[in-house]
Each structure stands twice: as structure tokens, then as C-alpha cells.
1. Could you check the range 19-51 and list, in sequence order, the residues that are within 14 Å of residue 82 (Cβ to Cβ) and among the hydrophobic types (A, V, I, L, M, F, W, C)?
2. What number of residues within the range 1-15 satisfy the criterion of being over 10 Å from the mean Cα position of the chain (by Cα) and at pLDDT 95 or above?
3. Tell me, which residue of the range 37-55 that is within 12 Å of the chain's Cα centre (by Cα) and part of a strand (DSSP E or B) is surrounded by the most Cβ atoms within 10 Å (Cβ to Cβ)?
4. Could you list all residues from the range 56-71 that are open to solvent by 80 Å² or more (accessible area, probe 1.4 Å) and acidic (Asp, Glu)?
5. Can you name every residue in the range 26-36 that is at negative phi and surrounded by 15 or more Cβ atoms within 10 Å (Cβ to Cβ)?
6. Take the range 77-91 and flag every residue that is within 13 Å of residue 35 (Cα to Cα) and either in contact with a Ser or Thr (Cβ under 9 Å, 6 or more places away or on another chain) or assigned to a strand (DSSP E or B) (or both).
7. Does residue 74 qualify as being assigned to a strand (DSSP E or B), surrounded by 12 or more Cβ atoms within 10 Å (Cβ to Cβ) and touching a His at 6+ places or on another chain (Cβ under 7 Å)?
8. For the range 16-25: of the residues being open to solvent by 90 Å² or more (accessible area, probe 1.4 Å) and at pLDDT 95 or above, which is nearest to residue 64 (Cα to Cα)?
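The values are calculated or read from the model by the stated rules, or taken from the named source; none is laboratory data. These numbers come from a predicted model, not from an experiment. As a convention, Cβ positions derive from the backbone with ideal geometry for all residues, glycine included, and neighbour counts pool all protein chains shown. Each accessible area value is taken on the protein alone, full model and side chains, heavy atoms only, with ligands, DNA and RNA left out. Shrake-Rupley method; radii C 1.70, N 1.55, O 1.52, S 1.80 Å.
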Amino acid sequence: RIDANHLEIVYALRAAGATVQSLAEIGGGCPDLLCGFRGKTALIEVKDSRQPPSKRQLTPDQLRWHREWNGGTLAVVCDVESALRVLKVMA
């Protein structure tokens, strides 16, 4: 299942110059998006800011995946603005 704002965030990242691949169908706690920007890569978990806080929490699988990740940037975003901030960190 993808969040309602998933495509909106993908489009905004691409409009800002990022390459984006959805990983949402992988499951198992894997983040929703693989994002490349200016030679760097980030993994992004999308949550919907319009949902109540209880619905925006990471699932147990996501918590485990995040805890075990030994790579680069891993972010949780809830709207376009927070997604674009990830690109600023990557720049």
C-alpha cells in the first residue's frame, strides 16, 4: 500500500532534478523511494501528513529495517516540503 501523497512527492522530487524509483512494492520494511540527486543516493520512507499520528508511525518491519540500515541517507518524509529538504541534505 502506498500513501496518498506518494506520487505527489515523487513528482516534486523529479521536478527538482532528482531521479526517483519507487520501491513501495518490495515490502518487508524497505523504504518507499530510492532517490538519486547530484551523485548521491537516499532512501525515503513516505508517510502522509494528513493521517493521524498513529497512522504515520513506522511499522515494526520498517523500524527493524531502519535500525539495521548501514548505508547512506535514510529519511522519513510526510509532505513535499520535507522531501525537498532531503535533497538539500544530499546537495
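1. Residues satisfying the conditions are 33, 35, 42, 44, 46.
2. Residues in the range 1-15 being over 10 Å from the mean Cα position of the chain (by Cα) and at pLDDT 95 or above: 7 in total.
3. Filtering first and then ranking leaves 46.
4. Matches in the range 56-71: 68 only.
5. Here is the first cut: in the range 26-36, the ones at negative phi are 26, 30-36.
Within the range 26-36, 30, 31, 32, 33, 34, 35, 36 meet the criteria.
6. Matches in the range 77-91: 77, 86, 89, 90.
7. yes
8. 21
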